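Heads up, the thing below is written out as structure tokens.
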């Protein structure tokens with residue numbers, strides 16, 4: 001059995017066409033349920049979501065059964081008009097409309113994508129024509145006569161405004177400014193806080209030789225932003241004013257915006273890590289190699305002869321000495337690398353750093369952890385250089 005072609009429209013009042021003829025699909029709840037299904041073709045809409053949209057915060061106890069009755073009404077209306085009633089599918093999670101449905105919103109989205117691809121390739125006239133064909137599919141605000149707000153309808157309004165801005169920008173570049181003044185004036189009156197539309201209107205007025213009206217448009221936008229939001233005009237609007245005042249049309253051109261391919265996102269690809277500079281690599285080398293002199297081995301247990309320096313040397317003192325060695329190595333290299341960073345060329349030592357003893361014993365050829373062992377035991381320890389004991393004298397002017 002062959003069925004007539006069914007077409008749906010949501011870019012304006014909700015519209016259902018079967019064989020090119022309009023079809024009445026039921027009352028307000030049936031139309032709202034159909035609109036919610038059409039806003040996400042290919043995605044399942046759960047019964048709970050339909051209940052929330054149709055009845056709000058106070059649904060009746062029989063809401064789930066009434067949802068089934070609403071869907072049955074929609075299918076019966078389509079079948080009586082000669083369309084395939086299975087255009088509304090029942091799935092495990094609820095109901096859905098197949099993604100291959102003929103919907104004006106999907107056609108508009110494809111047209112805008114074609115226009116953006118042509119603009120990215122440098123074919124401005126073709127891009128403007130594709131944008132205009134896509135924008136002509138809007139018959140008014142999305143789901144204008146539905147009588148209630150359906151979640152997801154604002155997305156298509158934002159797409160329309162963005163496509164209008166891009167189309168106007170293309171046509172201004174093609175020299176069609178004389179045809180855009182009326183359209184931009186209506187758009188600014190509809191959305192008075194959209195600065196980009198106001199800047200485009202200023203550009204069209206200026207190119208038509210109406211500089212005074214362009215400046216009046218800027219002043220009206222500035223007064224409105226200050227009164228409504230307490231803000232000053234943004235960079236694009238200020239740049240348009242400066243272009244009119246200085247008679248430099250090149251200032252109207254806004255900075256290039258990145259063109260995203262279909263399915264891509266600015267956050268989809270993580271940024272590549274920056275390559276380390278020579279100074280960064282040198283710092284890492286110093287930090288990796290500065291593990292203290294051989295007289296600063298890691299602390300050992302009491303009674304272990306391998307980690308014992310000399311009598312009376314504490315573990316905490318050795319830890320402070322090793323940290324000071326690393327800090328001194330890094331600070332010395334930095335002072336030689338950037339001697340102009342401090343008055344007088346060389347950085348002055350702070351009282352805190354001077355109060356901490358610095359181990360200056362020369363580095364020997366054995367591994368960094370333990371000195372070499374010998375059969376004599378004491379001869380190896382005596383051969384290892386040691387740091388002087390910590391001084392308790394106060395430095396003049398240190399305050400300690």
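Since every read-out is calculated from the coordinates, none of them should be taken as a lab result. Note that the coordinates shown come from a computational prediction; the quantities given were computed from them, not determined experimentally. Positions of Cβ are backbone-derived with ideal geometry, glycine not excepted, and every protein chain shown enters the neighbour counts.
What FRET efficiency, computed as 1/(1 + (r/R0)^6) with R0 = 56 Å and r the Cβ-Cβ distance, is obtained for residue 186 and residue 72, rounded to the nearest 0.05?
With a Förster radius of 56 Å, E is 0.85.
Rounded, prolate or oblate: which one fits region 176-256, using the alpha carbon gyration tensor with axes a ≥ b ≥ c (rounded when a/c is under 1.5, else prolate when a/b beats b/c, else oblate)? Provide the component values of the computation, followed by the final result.
Numbers: a/c = 1.65, a/b = 1.25, b/c = 1.33.
Judged from the Cα gyration tensor, region 176-256 comes out oblate (a/c at least 1.5, b/c at or above a/b).
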(request) Give the Kirkwood hydrodynamic radius (Å, one decimal) of region 57-115, defined as one over the mean of 1/r across all pairs of different Cα atoms. (result) 13.9 Å
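Assuming a ≥ b ≥ c are the square roots of the Cα gyration tensor eigenvalues, decide whether region 49-195 counts as rounded (a/c under 1.5), prolate (otherwise, with a/b larger than b/c) or oblate.
Verdict is prolate for region 49-195.
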(message) Could you check the spin-label model distance between residue 136 and residue 220? Points 7 Å from the Cα along Cα→Cβ, value in nm.
(response) 3.0 nm
(request) Compute the length gained on full extension between residue 86 and residue 100: take 0.36 nm times their separation in residues and subtract their Cα-Cα distance, giving the result in nm to one decimal. (result) 3.8 nm
(message) For region 6-103, compute the orientation-averaged projected area of the C-alpha convex hull (one quarter of its surface), in nm².
(response) 6.0 nm²
(request) Order by neighbour count: 49, 110, fewest other Cβ atoms within 10 Å first, most last. (result) 110, 49
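Please report 131, 202 as a ranked list, fewest other C-beta atoms within 10 angstrom at the top and most at the bottom.
The most exposed by this proxy come first: 131, 202.
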(message) Give me 177, 24 sorted ascending by neighbouring Cβ count inside 10 Å, so fewest comes first.
(response) 24, 177
(request) Could you tell me what percent of the DSSP beta bridges with both partners in region 6-103 are antiparallel, to the nearest 5? (result) 85 percent
(request) Treat each spin label as a single point 7 Å out from the Cα along the C-beta direction, and report the residue 250 to residue 125 distance in nm. (result) 2.6 nm
